[in-house]
2 protein chains.
Amino acid sequence: RYLHFCKLPGRVMGIRLLRFTSVVIIVLLLVAGALTALLPNIKDDKMLNLKREPKLQSQSALDSFTLIMQTYNRTDLLLKLLNHYQAIPHLHKVIVVWNNIGEKIPEEMWNSLGPHPVPVVFKVQTVNRMRNRLQNFPELETKAVLMMDDDTLVSAHDLAFAFSVWQQFPEHIVGFVPRKHISTPSGVYSYGSFELQNPGFGNGDQYSMVLIGAAFFHSGYLEDFQRQPEAVFALIDETQNCDDIAMNFLVAKHTGKSSGVFVKPVDIRNLEKDTNSGYSGMWHRAEHLLQRSYCVNKLVNIYDGMPLKYSNIMISQFGFPNYANHKNKM
Amino acid sequence: RYLHFCKLPGRVMGIRLLRFTSVVIIVLLLVAGALTALLPNIKDDKMLNLKREPKLQSQSALDSFTLIMQTYNRTDLLLKLLNHYQAIPHLHKVIVVWNNIGEKIPEEMWNSLGPHPVPVVFKVQTVNRMRNRLQNFPELETKAVLMMDDDTLVSAHDLAFAFSVWQQFPEHIVGFVPRKHISTPSGVYSYGSFELQNPGFGNGDQYSMVLIGAAFFHSGYLEDFQRQPEAVFALIDETQNCDDIAMNFLVAKHTGKSSGVFVKPVDIRNLEKDTNSGYSGMWHRAEHLLQRSYCVNKLVNIYDGMPLKYSNIMISQFGFPNYANHKNKM
């Protein structure tokens, strides 16, 4: 056959080849056209189906974060805040921890007001526990968690900057609310803020905790939290408080360093006065601060030592909001 | 002879041994006495002999720093600043790089006004070069260097805090004066400060250099600097400028990260107006900033690429000077 082929005149072979090539091209174009017609309409399906979330590439897992917001008796604030937070840059998903036991989640209303920028998952709880927000949620795909109280509004600028700071300090709790413990000669610890004396390391103040109600931290710590001694869970349940202090103990013990990195917020607001529910948050209870001092001492017993370390590093964003917020007399 | 020794009676040998031993002991005592008498009087010599400094324990090598201050034609400012800087906490030693060629160092006056808190070494130079301060001085015993221009006054509080920050970021240049480069569409770089446009990474500004005229950095970088290409030295000598830009290139290339960490100073002052000499510093030359842009581009050629990276982290001291400089509307 090979010999036969070589004997054909060049001109005849050329025409047959041309015809064959044309047929192939036309068939390919038809198939392409059919495939295009069959592609689903992206716009209709994208936002309504909360269950079909895009699988997170490993790159995105580091470049985006998951907002976890626990809510109790302040659904009006929750929805107001969700409108703000759902549009924060680098947000991957929102997990709402629904502590309104027996009450239906506002799923219909949420869907009817779609599409939304990111998926929002409502996790219905069976018991109203403070530590419900510290579960290792299966929906969590990112390395970073942003945890926010349901009455706290932090500006997008602050969050974008704090997220970039977390990426440089991923083993720390990077957030906007610093607190400290102090020792007393009796050996009993006390919890507080700037109103307490400085811990005595040179001049200025120090902080030893960053509260998780407005902070970024590594999702791995949620996994670690599940493995804490039962006494820690009992303490949090008994006080309905101190889950954030416990997290700082966990992180400090894990890193051997100061647990938190404080980022000074430009615009952080507490919206609790704006709620229709009249519910104003746990920190208004008379015993709130005394409880937290109590928790510090209990946790020192449970962990057999004080792992919290002091820091006086305060981070701000260079050139924002004022383009020369670093000018000096030189 | 050996055999002969063995044949001596035991008693005779014992007495001879005893006599011999006594003589040896007496001679040793006399020698010891003579040596003690010859030991120099410590008090008189301690401060006057600048050459004999105490050997630094390895602990101190990390907990203290060496101030390197280059000086030209502003001895009045130098001496004013030395009174301030010699008492900074954690200072181990001062090295004054004497660029006043042919002029005597003020050693007599310095000694007559002793004792001083730390040793001060005057390094007499043979040529007035900007890069003289970047030598790997044998007197340098600490891991940290504080480099200061001879017209810059930074408060002790700022320095103590910045040193503690350097200890947390030892591979970076931790200092008080941030600068940046920007790219232009032509590919030519420009050097400047807040007056230039933001490099375009989100909102706010960025810096890519921290100037070494008021900064802490690891003494190992002085060693590294000696190994830079000859073209770098030629550039610095040609411009009598840009040694600090070259150091930032070196550090950025070494770490693969942003070279500097900016600490916002509370109290930094330029004293150049206070000098009697009338000499007002290199940065007043008309071509100073243009030279620095020129240097950035030359260094990119020499290093075959732009190693500088941007940062927008601005560090301040928590609770200082105001005990609650972090309070917010919450």
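Helix content alone sets the calculated 222 nm mean residue ellipticity of the protein assembly as shown: runs of n ≥ 4 DSSP H residues at -39500 (n - 2.57) each, divided across all residues, give -11000 deg cm²/dmol. Each copy carries a label point for residue B:167 at 7 Å from Cα along the beta-carbon vector; from one copy to the others these points are 3.1 nm apart, nearest first. In segment A:65-315, the DSSP beta bridges split such that about 40 percent are antiparallel, to the nearest 5.
Grouping the Cα pair distances of segment B:65-315 into 5 Å bins from zero gives a pair-distance distribution of 1, 6, 13, 18, 20, 18, 13, 7, 3, 1, 0, 0 percent in increasing distance order. Cα-based radius of gyration for the protein assembly as shown, normalised by 2.2 N^0.38 Å, reads 1.35.
Could you compute how much accessible area chains A and B hide from each other, both sides summed, with a 1.4 Å probe? Nearest 100 Å² is fine. Provide the component values of the computation, followed by the final result.
Values: alone 18910 and 18780 Å², together 34170 Å².
Buried surface at the A/B interface: approximately 3500 Å².
Annotation: per residue accessible area for the protein assembly as shown equals 52 Å², rounded to a whole number [probe 1.4 Å, protein chains only].
Across the copies of the chain, residue A:102 has label points (7 Å from Cα along Cα→Cβ) spaced 9.7 nm apart, shortest distance listed first. With R₀ set to 41 Å, the beta-carbon distance separating residue A:128 from residue B:201 gives a calculated FRET efficiency near 0.45.
So, with +1 on the Cβ of K and R and -1 on the Cβ of D and E, and no other charges, what is the size of the charge dipole of the protein assembly as shown about its Cα centre, to the nearest 20 debye?
Values: 66 positive and 58 negative charges, 450 e Å.
That gives the protein assembly as shown a dipole magnitude of about 2160 debye.
Candidates B:124, A:26, B:240 compared by Cα position along the dipole of the protein assembly as shown: farthest toward the positive end lies A:26, with charges placed on Cβ. Is the shape of segment B:176-306 best called rounded, prolate or oblate, per the rule: a/c under 1.5 gives rounded, else a/b larger than b/c gives prolate, else oblate, with a ≥ b ≥ c the square roots of the Cα gyration tensor eigenvalues? Because its axes are fairly even, with a/c under 1.5, segment B:176-306 counts as rounded. Across peptide B:262-269, the average count of Cβ atoms from other chains found within 10 Å of a residue's Cβ is 3. Put the label 7 Å from Cα along Cα→Cβ for residue A:280; what are its distances to the other copies, in nanometres, shortest first? Values, ascending and in nm: 6.0. From the square roots a ≥ b ≥ c of the eigenvalues of the alpha-carbon gyration tensor of segment B:210-253, which class results: rounded (a/c under 1.5), prolate (a/b over b/c), or oblate? Oblate.
Mind checking the dipole of chain B: about its Cα centre, +1 per Lys or Arg Cβ, -1 per Asp or Glu Cβ, Debye to the nearest 20? Provide the component values of the computation, followed by the final result.
Working: 33 positive and 29 negative charges, 336 e Å.
Roughly 1620 debye, rounded to the nearest 20.
For chain B, the longest principal axis of the Cα atoms and the long axis of helix B:156-168 meet at an angle of about 80 degrees.
Considering only alpha-carbon pairs that sit under 8 angstrom and 6 or more positions apart, the relative contact order computed for chain A is 18 percent.
Quick check for me: using +1 on Lys/Arg Cβ and -1 on Asp/Glu Cβ, what's the dipole size of segment A:222-330 about its Cα centre, in debye to the nearest 20? Write out the running numbers ahead of the final one.
Values: 12 positive and 12 negative charges, 155 e Å.
Using only the charged Cβ atoms, the result is roughly 740 debye.
Measuring against 21 Å, Cα to Cα, the residue pairs B:123/B:264; A:264/B:264; B:264/B:327 contain B:123/B:264 as the ones spanning a longer distance. Here the label points at residue B:309 and residue B:35, each 7 Å from Cα along the C-beta direction, are separated by 5.5 nm in the simple model. Each peptide among A:191-202, A:176-187, B:92-103, A:142-153 gets the average number of other Cβ atoms lying within 10 Å of its residues, and from highest to lowest they stand as A:142-153, B:92-103, A:176-187, A:191-202. Judged by the mean number of other Cβ atoms found within 10 Å, the most tightly packed of the peptides B:224-235, B:255-266, A:232-243, A:207-218 leads the ranking A:207-218, B:255-266, A:232-243, B:224-235. In angstrom, the C-alpha Rg and Dmax of segment B:157-231 are 15.1, 44. Each label was represented as a point 7 Å from its Cα along the Cα-to-Cβ direction; for residue B:23 and residue A:63 these points are 9.0 nm apart. The simple spin-label model puts a point 7 Å past each Cα toward its Cβ; for residue A:108 and residue B:231 those points are separated by 7.3 nm. The residue among B:284, B:112, B:202 whose Cα reaches farthest toward the positive pole of the charge dipole of segment B:65-315, with charges on the beta-carbon of Lys, Arg, Asp and Glu, is B:202.
The values are calculated or read from the model by the stated rules, or taken from the named source; none is laboratory data. From a predicted model like this one, the values you see are computed outputs, not experimental measurements. A quick note on method: Cβ atoms are made from the backbone with ideal geometry, for glycine too, and the neighbour counts reach across all protein chains shown. These accessible areas exclude ligands, DNA and RNA; they are computed on the full protein's heavy atoms, side chains included. Shrake-Rupley method; radii C 1.70, N 1.55, O 1.52, S 1.80 Å.
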